[in-house]
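So that we are looking at the same thing, I have put the structure below in C-alpha cells.
The values are calculated or read from the model by the stated rules, or taken from the named source; none is laboratory data. On a predicted model such as this, the values are computed, not experimentally measured, just so you know. Positions of Cβ are generated from backbone atoms using ideal geometry, with glycine treated the same way; all protein chains shown enter the neighbour counts.
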Amino acid sequence: MRVLKNAGRGLAAGCFVLAGSGSALAGAWDTLGIGSSELLFAPEEFVAESSFTYVDRNVDYDITTASTAFGPVTGDASSRATPNIWNYQGALKLALTENADCLARVNNPYSIEEEMDPNWNGRFSGYETRAVTFAFDATCSYKFQVGEGQYLRAIAGARALDLTYFSEGLTATSPSNIVVAKVDLKSKGLDVGWRAGLAYEMPAYALRASLIYDSEIHVDLEGDTEAVGVTTFDSFASLTLPQSVEFNVQSGIAPNWLASFGVKWVDWSVIDKLSVTNAAGSKTVDRKLNFQDGWTVKAGIGHRINEQFSVGSSLQWDRGVGGSYSDTYTIGLGGSFAASKNVKFTLGTAAIYKTAGSGDMTNDVSSISAVTEYDYDPSWAYAINTKLRVSF
C-alpha cells in the first residue's frame, strides 16, 4: 500500500501529459481541457505553479463560395487561417487547515484566433477574428473522512472573466468604394459564474474520483463598429459562455504507476449565433454558428522512474462542435524533473490530428450580401508546454 501511496503522490503532480485540439487545447474556444483543477488536490501545504503552452497550428481554409451583391469575389481561394498561439496559467494552492484547501488562479480559459490573408476570397465576410478572455477563479474544498483511509471532498468556487472581441474585414458602398470594417467590443465589467463538485479519495491506493460542474457565464459587450474613413457607431453584443461537467478518475495500478481517465461535456450548443447590434437595436452582424455540444475523452498513464524523474503519456479524442471546430485526436508525451524537494520542472509535447470539415462565415445582415463558405482538409498541429512548480 505504501508503494502505491508514494507513487500517487509523485505522479499526480509530476506526470504532466499534454492534451489538445485544433483550436487550442480542448473543444471549441476552451483552452483548459481535462484536469485543469488537479492542483487543488496537491498534498503539499503550499504550491505555486505557472505554465505556458505554445501551439503550432496548420489549418487552411479553401473557399467554396465567395460572393457579394456586386458579383463573385476574386482573389486567393485558400489561406492559412490559424496563427500559432500561446496559452498561460498561474495558480496558487494553499492548505488552510488539515481538511480545507483552496486554489486561486489566473488564465485565459476561452480563446479564438483566426487570421487569413486580407486578399483571400472571403475577405468581405472577414479576414481576422480574435476573442480573448482573462479570468480569475477561486476554488475551495473541505475533506471529510467517510471510512478507514477514505475521504469525501465538497468543492465550491467562483469564476470571474473579461472578454474582448475584435474582427476585421472589408465592406463596400460600390464596386469601386471598398473600405475596411472593424468591430471592437469588450465586456462592460467582470462577469461571474460558479463551480461545485465532489471528490472521493483513497490516498493509500492513489485513488481519486472527482465530478466538477461549472456554470454558464453571461457576457454583455459594448464598443464600436468602424467603416474606416466612412462612419463609426456604437455596437453591442451578448453571449452566454457554456456550462460544463467534468469527471476524472485516477488510481495507482502497480508500484510507481498511475492511470487516469477523464470525460468533459461542454454545452457549446448554447451558442447558436453571433449577433452585434447598433444603438437603435438593429443587427449589424448576424452569423449563424449552430454549435453542437462538445465531448472530450482522455486517458493517460504515468510512471515514476525515481525520486527525480517521472514520465507519462495520454490519448485524447475531442468531438468537434461544428464549423471550424472539427474532431481532433491527440497523442501527448511528458516528463518532469524534480530539481530539489521543493522545485519541479515539467515539459510536455503533443501531436494533434484535426479532421476535415467545413464552415460558413456568412453574415445574414451584410449590407452587401456577402456570402462566404469554405472547406478545410485534415491537418496536424503540434504543441509544447512548460511548467514550473514550487511547493512547501
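Kindly provide the set of residues from region 232-278 that are more than 28 Å from the chain's Cα centre (by Cα) and either at pLDDT below 95 or under 30 Å from Trp317 (Cα atoms) (or both), ordered by number. Break it down into steps so the answer makes sense when it comes.
Applying the first criterion (more than 28 Å from the chain's Cα centre (by Cα)) to region 232-278 yields 232-234, 252-257, 278.
Across region 232-278, the qualifying residues are Gly252, Ile253, Ala254, Pro255, Asn256, Trp257.
Sort out which residues of region 34-69 are crowded, with 19+ Cβ neighbours inside 10 Å, β-branched (Val, Ile, Thr) and either without any contact (Cβ under 8 Å) to a residue 40 or more places away in the chain or in contact with an Asp or Glu (Cβ under 7 Å, 6 or more places away or on another chain) (or both), and write them in order of number.
Listed by number, the list holds a single entry, Ile34.
Okay, next question. How about region 217-276: which of its residues are in contact with a Ser or Thr (Cβ under 6 Å, 6 or more places away or on another chain), of a type in the set (D, E, K, R) and crowded, with 18+ Cβ neighbours inside 10 Å?
Glu226, Lys264
Could you pull out the residue among Leu96, Leu103, Leu170, Leu163 that is of a type outside the set (Lys, Arg) and surrounded by fewer than 19 Cβ atoms within 10 Å (Cβ to Cβ)? Give the steps one after another, and end with the answer.
Working: Leu103 fails: surrounded by fewer than 19 Cβ atoms within 10 Å (Cβ to Cβ); Leu170 fails: surrounded by fewer than 19 Cβ atoms within 10 Å (Cβ to Cβ); Leu163 fails: surrounded by fewer than 19 Cβ atoms within 10 Å (Cβ to Cβ).
Sole residue among the options that is of a type outside the set (Lys, Arg) and surrounded by fewer than 19 Cβ atoms within 10 Å (Cβ to Cβ): Leu96.
Now a separate question. Looking only at residues in region 339-378 that are among the small types (Gly, Ala, Ser) and surrounded by fewer than 19 Cβ atoms within 10 Å (Cβ to Cβ), which one is farthest from Phe124 (Cα to Cα)? Walk me through how you get there before you give the answer.
We begin by selecting, within region 339-378, every residue among the small types (Gly, Ala, Ser); these are 339-340, 348, 350-351, 356-359, 366-367, 369-370.
Narrowing further to those that are surrounded by fewer than 19 Cβ atoms within 10 Å (Cβ to Cβ): 339-340, 351, 356, 358, 367, 369.
Numbers: Ala339: 54, Ser340: 56, Ala351: 34, Ala356: 24, Ser358: 18, Ser367: 10, Ser369: 9 Å.
The selected residue is Ser340.
Is it true that some residue in region 179-193 is more than 27 Å from Ser210 (Cβ to Cβ), hydrophobic (A, V, I, L, M, F, W, C) and touching a Lys or Arg at 6+ places or on another chain (Cβ under 7 Å)?
Filtering region 179-193 for residues more than 27 Å from Ser210 (Cβ to Cβ) gives 179-189.
Applying the additional criterion that residues be hydrophobic (A, V, I, L, M, F, W, C) yields 179-181, 183, 185.
If we keep only those that are touching a Lys or Arg at 6+ places or on another chain (Cβ under 7 Å) too, we end up with none.
Looking for residues that are more than 27 Å from Ser210 (Cβ to Cβ), hydrophobic (A, V, I, L, M, F, W, C) and touching a Lys or Arg at 6+ places or on another chain (Cβ under 7 Å), one finds none in region 179-193, hence no.
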